[in-house]
Every structure is written in structure tokens, then in C-alpha cells.
1. In the range 512-621, which helices (runs of 4 or more DSSP H) lie fully inside it and hold 2 or more residues that are among the small types (Gly, Ala, Ser) and either within 16 Å of the ligand (Cβ to nearest atom) or more than 24 Å from Leu160 (Cα to Cα) (or both)?
2. Find the residue count for the range 442-457, including only residues that are away from the ligand (no atom under 14 Å from the Cβ) and surrounded by 24 or more Cβ atoms within 10 Å (Cβ to Cβ).
3. Quick check on the range 500-511. Is at least one of its residues within 14 Å of the ligand (Cβ to nearest atom), of a type in the set (Phe, Trp, Tyr) and surrounded by 23 or more Cβ atoms within 10 Å (Cβ to Cβ)?
4. Hey, does the range 188-198 have a residue that's acidic (Asp, Glu) and assigned by TED's automatic domain parsing to the domain that holds Thr504?
5. Can we say Val16 is surrounded by 19 or more Cβ atoms within 10 Å (Cβ to Cβ), out of contact with any helix residue (DSSP H, G or I) (no Cβ under 7 Å at 6 or more places or on another chain) and closer than 25 Å to Gly164 by Cβ?
6. It is to be established whether one or more residues within the range 257-269 are surrounded by 22 or more Cβ atoms within 10 Å (Cβ to Cβ), of a type in the set (Asp, Glu) and away from the ligand (no atom under 16 Å from the Cβ).
7. Does the range 164-171 contain any residue that is part of a loop (DSSP other than H, G, I, E, B) and closer than 30 Å to Pro87 by Cβ?
8. With respect to Asp269, determine if the residue is free of Cβ contacts under 8 Å to residues at least 24 places away in the same chain, within 20 Å of Pro240 (Cα to Cα) and among the charged types (D, E, K, R).
Amino acid sequence: MTSCVSMAAAGGYVSVAALSSHILRIRIGPAPLKPRSSWAVVMEDRPQVAVAVSETPQEMMLATDGLRVTVRRQDLHLTIARADGAPVLEDALPGAEFPPGGGTALTKRLQADTRLYGLGQRMGFLDKRGETVTMWATDDPLHHPGRDALYQAIPFVLALQPGGAYGIFLDSPAFTQFDLGKTQSDRLRIQTAESELDYYVIVADSPKGVLNGYSELTGRTPLPPRWSLGYQQCRWSYYPEERVREVAREFRSRQIPCDVIYLDIDHMDGYRVFTWDQGRFPDPAQLVADLRAQGFRVVTIVDPGVKADPAYSVFQEGLAGRHFMTTPDGEVYIGKVWPGPAAFPDFLQESTRRWWGRQHAQLLHLGVAGIWNDMNEPANFTDASVTGQFKGTVPGTLLQGEAECKQPHALVHNLYGLAMASATTAALQELRPKERPFLVTRSGYAGIQRYAAVWMGDNHSWWEHLLQAVPMCLGMGLSGVPFVGTDCGGFSGDATAELLVRWTQLGAFTPFFRNHSAAGTRSQEPWAFGPETEALVADAIRLRYRFLPYLYTLFAEARRTGLPVMRPLLLEYPDDERTHNLSDQFLLGEDLLVAPVYQPGAVTRMVYLPRGEWVDYWTGALYPGGQYTVADAPLHRIPLFVRQGAILPLGPVVQHTGEPAKSLTFDIFGSGAGHVYEDDGASMDYLAGDWSITRVTSRVEAGRTLVTVQPPEGKYRPVRSEVLLRLRNHRAPAAVTADGHPLSWRLEGNDLVVAVAVLDGTEQLLVEISGR
Ligand code: GLC
């Protein structure tokens, strides 16, 4: 059995392989195709997929259970249809073009109503149809609507069209452009600087199905340490150590929850990576230990640029080990970043990745909990003589890769952040094998989700960027990367009190939740704007901790399915056209609709409620879906709606995730179902089955409500003293019983709260609430 057809024709050489019944790999080149390794793809190239291959003098055909592919011999023109013959995707031109100036291109037909999403980190709204977008990792200090390439380059487009969805992933880390129907409205043209095409087509019934396939192809995010889902405080930079201690003290004395404090570049000795400024931080181990005792983790920044200082050991080792990128003449290239003249490690060399990884030992030895990779596009402060794509980065002529297969940087540029992240994460795993690694990165390529959380880089303290945070994070989710967030409060420029409140309210529902600001800007810690603002910011942070069990359950789902945590409505309601470019509200999982306020002075905002019924989280009011509604949004409140039928697992407010969460509450919205995923939140034991899922269902009948709590699946048993059922919008009952025995209950506002036994047995618990 073979899962592949290959042939040569006038148009070049082609091979089509089926990786599964719905995932195809297509390679086309002007010369015979040689084996090619990928940094993005983790799915095996040749699984045993049942395929039928046939041929005629004109065509070659490959069929799987789900798809039929036809390649025209004459020009390698390719057609993909479903097994029933329904067309999915067809070339508009020959299978590939090889322009005389180099590079390759492919052109597909676009149906009139196809929407195009994903494509990594992008400015603007969700649907990119009609635009041209560039894949080129770029350090850009000013994100504006016309801005094309940013830090993350993910050459994956997700297409939604009537009757289904498909994705195209071009596995090329070189300069690549997607013309998404701009030049010709019915054509999608993808052009890369590489000399051959290596792309994947994923066909599914829905965008969720495509993401499922794409994440099978490029990998999924492992469970992060639970502390990394807490609130994180950063600034460029907190120093000296007394300032760091002061920030920590403020959080605890003001009872504002926080899990992480970051050390930006000023903790280093003259920006020499892996060093400490002895004056500012005389005893980092003691500092980290003291913060740890207060429940804080410390994350330090690690930039790739190594100061070209002959007296500096990392530079010396890098030279001796040939770890730096060189010019074609073999000279180590010296660029310029924060430390001034700097050399750039070549992370495409395995020995370099291992060497770099080992440098982290001393950071971990000091107790540092996680790493922040920045400037890894890589950023380089080029002078005015450099224009075009190499402005702000290293020259394309530098050589990278193993000795026997060096390539010009130009062809592998977009891999820099990914390869650095892979080196860092591997080191964290090796140095602390029992703990989950935590890395947050600025740059990345397809597959970055396997190694790191991603933040959206240097935004501004502008309302426009608060609004932009939503589609930007959603687009990353549609590109396979679930663990995303923005600098809350904005990085450059000065935040205002109101902006900080609104941004923190949004950040509380983004997977990565960190407040960060640039040197020289106004401070934006939660208390920076006085007591009234502090109370509102603190409330938003507390809300985050309430929702942690739900959020963590969504991360477990993301690991299993590849679906994002933060979802555009189109993902859940692809047949509802009104969701197709809805870019200013989102769903956390399936059940919680979040509508951030992104205008100053606004006290209401328009919210689209998709089909079904939706409950205002704050008031309990029930709204029919399929309509727009004006939601109340006073400054202390971010509009939140819960799908009627949902059961959300919520936790108590704690000061940090290391504090035991003594209670778990299931918030019950009418008849429905929900579950919570739990494990120790820190170790790798979940991979060996040490986890649990507890499922709850509820049924509202005439005169009574029945709630069933299933015995937990899996081995893990959390330590807690209380499990509560909160029935939203429930009047005082006549009786509440569990398996016939009376249970105590209380009314809280419009909700009925029932305390049930802590569940660790093997029996299900049936709670009957009668007399509604
Ligand atoms: C870059 C990063 C920013 C960081 C700064 C100093 O601009 O994006 O987050 O604070 O460098 O390290």
C-alpha cells in the first residue's frame, strides 16, 4: 500500500501524499524532489492511510476515504474534491509557477463567498479576504492598521465556505506572500522565495475540523503550569531588587492576586544575556526565594543577541563552539541590539541549541521559574542603509544550519524564534524533568504552540490597540496557537486609568494575562492610578482567578483537540454569517461570551448573541440568541454572557495559584452539562494518567431540578473542602436532597447555592431540588 503518487511532467515534479483521509501533502518543484525536513510538521509522513491510486494518459488520481485528488499530467494542475465528488479546491493555473527571478507560486480558485482566516499574527479584522499578507518575522514598534508583517509568521490560511472548510499550510520559512483575492478577487495566490512548494491541504466539514487537522499536523500545546494562567506583572524594568520586592509587597498588602513578576533586560550586567547586574541584584537566589515564599514566580528575559565582548564567557564559548551565524566568508556576523555589538546564535545547529539550553542551568539554579524570549525575529538595529525586508533584522546572506547543509538566512528567517524556543523548552524540560516548562516568546513560526505561549509584542496604550487585541489573539488561535495574550494596559505610551481598567477586564479572559509597559512610560501596576481604579483593576484580576478552573479545562481541551481557548464566534457558529467577521467579541470555550469595552466613556456596548439563549452573567437576565443586544457596561463591568445550558466550573479568589483552592463551584445555567478537568497543575504526571474529569448534568423539569455529579474519571483527587452547586436564577426550594438525604442550601441574590459532598467516591451523586 502506498499513500503517495509522484510524477514528473512538463511543469516539473510533483508528489501527493495522504497523511490521513483528509490531510494531503503536496510537493512540486522544478527538479526531482529530495527528502526535506520540517520544523513545523510533527505528523508522520507515511502513515498507513488507505489510498487508491489510478492513472490515465492525461491524469493521475489518488483517493482516500474522504478525498479525491486529480493531477493533470500536462501542467500539474491539481483538483481536490470530496469522496462524493463535491469540489473543494482547484488550481487556477498550472500546479506551480517558477518565476524566472526565483521562488515559486501556486494559485487556487476562490469561491465567491469563501472567507479567509488565520495567517498568524495580523493587524485588522478576522476575515483577510481581499488583502495581501506577508510572512516575515518582523520587530515592529508601531502596529498600525496598514501594518503587514509582525513577529509571528504562520503561513496557514483557514478557508470557510458554504458546505465546509479547508486549510492550506505552506511549509516555507522563507519570505512568503499570500494574495487573498486582492489582485484577482477569485484567486488565492501564494508565493514563496523558496525554489519548490511544500504544502498541506486539510479538508473538513467545519473550521473546527480544519484546526483539529492542522494541529495534528503541527502539534498542540501541552498543559502549561497552572501558575502561568494567573495574573502576571511586568515592566521594563523592575530594578533594583528592592523595587521588585516593593512590587511584590504591594500586591500582597493590597490583596490583589498575582502569580508572576518579570525581570526585563535591566537585571543583566550590561545586557549580557545570562548574567546579573551585581549592584542591582546582589543575591538573585535570595530574592527569588523570598518572592517564592510570598507565592510569586520569577520569569527572566532571555534575548538571543550575545554581546560581542571578548571578556564575556558566553561570547567566548559561542565563538569557540562556532555557535554564531556567519557571513558567507565564515566571519561571525556582529549586529547591534540592546548590549550594543552582538552575535546571533544559529539555533538551526543542534550543538548550538544544546549549548544555549545549558546556559539556562544557572537561571534555574537561582530558582527562576520560566523564561521570556524576546527580540527573536531576530531583531537587529540596522542603520538607514538597510531597507526592505532585511531592515531591522540580520542580512539574508548569513549562513545557518548544520555544517553539511548551510542555507542563507533569507530562506530560513521565519524559523529563528521557533528554533530558539525549541532550544529553550528542551533545556527547561531537561533541567527540571518533573516540572512543566514555561516559555513566552515574541516570534514564532507554525508549530510554536508546542513550545511556548506567545504575546503580541509592542502595542501602545491606545484604545485602538485594546480593540485590536481581540482579532489579533483570535487570529493566532485560528493559526493553531491557543496560549496568547497582549501587554495589558499597553506597552508604549501612557495608559490612562480607564484604559487600564478596560484592558485588564479583557486580559482576564485572554489565555496569557500579563500587564507590561515600556521604560519611560507611566507606571501601570493595578494601584498606579489611585484607589478607585485599583479597586476596579483588582476586581478584574479576581474574576480571572474565579474562572481559572474553566480556563484550565479549556487548556486541557486545546491539548486534546487543538481548538483555541479564546474563540471567534465563527468557530462555534460557522453557518451564521453574522459571525463571519465579528472581531470585537469572542467566546472563551463554547460557553462564555466576552464582549470587552474598547471605547473611552462607553457604558453600554452592542453585543451579538448567536443562536440559543444567553444569560447575562452579572444580572442573570435571559436573552434569546440570534440577535444584537445592547449590554450594560458600567466601568466596573465587562459584558459577559453564558450560554443557557452551560455548567461552568469556577474557583475561589486566591492570592496566587499556589494557595489551595478549597472550593469548587459548578455554576449551573438551566438544563445542560459541563465538566472540569483537574490535575496537580505543575508536574508531568498528567501524562501518566494522573488527572481527573468530573462531569455534571442538570435537568430542569416541572417542579424540580435534578443535578447529577458523576464520580471523577481518572486517578487525580484534588484536596478541597467544599463543592458547591450554584443554580443561577433559582427561587427558594421546598427541599434539596442528595440521594434522599436533605442538603443545606442558601440563596445568594437570584441564585440557589447548595453544598454537596466532596466527590472522591465511585458513586454518582443525584441532587434533587424540588419546589421551584
Ligand atoms: C522589546 C519587547 C518588550 C521589552 C523590551 C525590552 O521591545 O517587546 O516587551 O520590554 O524589548 O526588553
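1. Working: elements: 531-546, 548-561, 569-572.
Passing ranges, in order: 531-546.
2. 7
3. First, the residues of the range 500-511 that are within 14 Å of the ligand (Cβ to nearest atom): none.
Checked against the condition, which is being within 14 Å of the ligand (Cβ to nearest atom), of a type in the set (Phe, Trp, Tyr) and surrounded by 23 or more Cβ atoms within 10 Å (Cβ to Cβ), the range 500-511 yields no hits at all.
4. The first filter runs over the range 188-198 and keeps only residues acidic (Asp, Glu), leaving 194, 196, 198.
Filter once more, keeping what is assigned by TED's automatic domain parsing to the domain that holds Thr504: none.
Checked against the condition, which is being acidic (Asp, Glu) and assigned by TED's automatic domain parsing to the domain that holds Thr504, the range 188-198 yields no hits at all.
5. Values: surrounded by 19 or more Cβ atoms within 10 Å (Cβ to Cβ): yes; out of contact with any helix residue (DSSP H, G or I) (no Cβ under 7 Å at 6 or more places or on another chain): yes; closer than 25 Å to Gly164 by Cβ: yes.
So Val16 passes the test.
6. yes
7. To start, the set of residues in the range 164-171 that are part of a loop (DSSP other than H, G, I, E, B) comprises 171.
With closer than 30 Å to Pro87 by Cβ added as a condition, the list becomes 171.
Within the range 164-171 (the criterion being part of a loop (DSSP other than H, G, I, E, B) and closer than 30 Å to Pro87 by Cβ), the answer is yes, since at least one residue qualifies.
8. Numbers: free of Cβ contacts under 8 Å to residues at least 24 places away in the same chain: yes; within 20 Å of Pro240 (Cα to Cα): yes; among the charged types (D, E, K, R): yes.
Yes; evaluated as a whole, the condition is true for this residue.
The values are calculated or read from the model by the stated rules, or taken from the named source; none is laboratory data. All figures in this text were calculated on a predicted structure; none of them were measured in a lab. So basically every Cβ, Gly included, is an ideal-geometry build from the backbone, and we count neighbours across all protein chains shown.
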